[in-house]
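**Q** Next up is a structure, given as structure tokens.
The values are calculated or read from the model by the stated rules, or taken from the named source; none is laboratory data. Bear in mind the structure is a predicted one, so any value in this text is a computation, not a measurement. Here the Cβ positions follow ideal geometry from the backbone for every residue, glycine too, while neighbour counts run over all protein chains shown. Each accessible area value is taken on the protein alone, full model and side chains, heavy atoms only, with ligands, DNA and RNA left out. Shrake-Rupley method; radii C 1.70, N 1.55, O 1.52, S 1.80 Å.
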Amino acid sequence: MWSWVGHRVTGVVIFFFLLVHVLDTSLVRVSPEAYNAVIGSYKNPLMALGETGLVAAIVFHAFNGLRIIAVDFWKKGAKYQRQMLWTVLALWVIVMVGFSIRHLSLALGGH
Amino acid sequence: MSATQIQTPRSGKVGAGRVAPKYNRNGSSKGNFEMLAWLFMRLSGVVLVVLIFGHLFVNLMVGGGIHAVDFGFVAGKWADPFWQVWDLAMLWLAMLHGSNGVRTIINDYAERDATRLWLKIVLYAAAAAIVILGTLVIFTFNPCPVVDGVQLPGGFCPAP
């Protein structure tokens with residue numbers, strides 16, 4: 001039940017980010033300066049944490065989505081749904097540790 | 001104590017197709033739309049995992065990561081038809097997948113008919129605007145914009 005709640009919440013968050021992300025990328029069609037100014041304003045520690053949170057939502061939604069597909073289409077999917085949830089959470093932690101180390105050291109580190 | 005009322009499903013008219021008509025509360029049929037939407041979520045979901053993980057890895061994990069993202073970075077990617085097709089597929093699949101997900105959530109939580117109608121009108125209008133805008137941007141992108149004969153600063157232009 002909580003994986004279902006998590007899937008909905010992360011889905012809505014990702015959807016609203018996607019609307020904004022298409023709009024900010026569309027600034028490349030306005031002018032190089034407009035795009036660089038907006039993207040430049042994203043390059044601060046607060047947004048780096050926000051990006052990490054967004055990627056955490058995406059990675060959970062992706063892995064749990066694959067679990068839903070397995071439950072729906074794999075003969076033993078429903079039987080192993082609990083084990084698959086723990087697998088989702090374990091993979092999520094591993095990917096997020098890797099992503100956070102790389103992204104935060106790039107975003108927060110000197111350059 | 002009020003009795004629990006079981007409502008007719010809000011997601012279109014169910015009972016079409018493989019369900020016997022006597023179990024269909026609404027009488028008329030609306031084809032297999034809900035089943036096709038359910039199937040689309042799973043098929044597009046698998047493809048989106050590949051497209052979005054690739055997008056995040058190439059844009060944030062390799063090279064300079066987020067520091068390298070600027071107009072020149074976008075121009076460099078869209079100079080290659082491979083990334084144009086990648087981003088176009090990601091745009092369309094993600095918007096359809098996301099819009100259908102939000103449609104499901106509106107059907108679940110908005111109880112009044114008029115509320116659901118208006119929320120979905122706003123959703124479809126926003127989704128159509130974003131898909132059309134994004135598609136136009138990918139195909140009309142100019143890495144070297146010139147306004148009134150003057151190159152805009154920051155452009156990705158070859159040396160004259």
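**Q** Away from chain B (no Cβ under 12 Å) and open to solvent by 70 Å² or more (accessible area, probe 1.4 Å): does that describe A:Lys43?
**A** no
**Q** Which condition from (1) farther than 26 Å from B:Ser44 by Cβ; (2) away from chain B (no Cβ under 12 Å); (3) open to solvent by less than 40 Å² (accessible area, probe 1.4 Å) is the one that A:Val97 breaks?
**A** Tallying (1) farther than 26 Å from B:Ser44 by Cβ; (2) away from chain B (no Cβ under 12 Å); (3) open to solvent by less than 40 Å² (accessible area, probe 1.4 Å), A:Val97 fails exactly one: (3).
Yes/no per residue for (1) within 19 Å of A:Leu27 (Cα to Cα); (2) surrounded by fewer than 17 Cβ atoms within 10 Å (Cβ to Cβ):
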site: B:Val49; (1), (2): no, no
site: B:Phe82; (1), (2): no, yes
site: B:Leu91; (1), (2): yes, no
site: B:Leu117; (1), (2): no, yes
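**Q** If you go through region A:23-41 one residue at a time, do you hit one that is within 13 Å of the chain's Cα centre (by Cα), modelled with pLDDT of 90 or more and not basic (Lys, Arg)?
**A** no
**Q** Go through region A:75-85 residue by residue and tally those that are open to solvent by 50 Å² or more (accessible area, probe 1.4 Å) and either within 16 Å of B:Trp38 (Cβ to Cβ) or among the aliphatic types (A, V, I, L, M) (or both).
**A** Summing the residues that are open to solvent by 50 Å² or more (accessible area, probe 1.4 Å) and either within 16 Å of B:Trp38 (Cβ to Cβ) or among the aliphatic types (A, V, I, L, M) (or both) in region A:75-85 gives 1.
**Q** While we're looking at this one, here's another question. Can you say whether B:Tyr124 is more than 25 Å from A:Pro32 (Cα to Cα), within 14 Å of the chain's Cα centre (by Cα) and exposed (fewer than 15 other Cβ atoms within 10 Å of the Cβ), as far as the supplied structure shows?
**A** yes
**Q** Can you pull out the residues in region A:1-27 that are more than 26 Å from A:Gly40 (Cα to Cα), open to solvent by 50 Å² or more (accessible area, probe 1.4 Å) and in a helix (DSSP H, G or I)?
**A** Residues satisfying the conditions are A:Trp2, A:Trp4, A:Val9.
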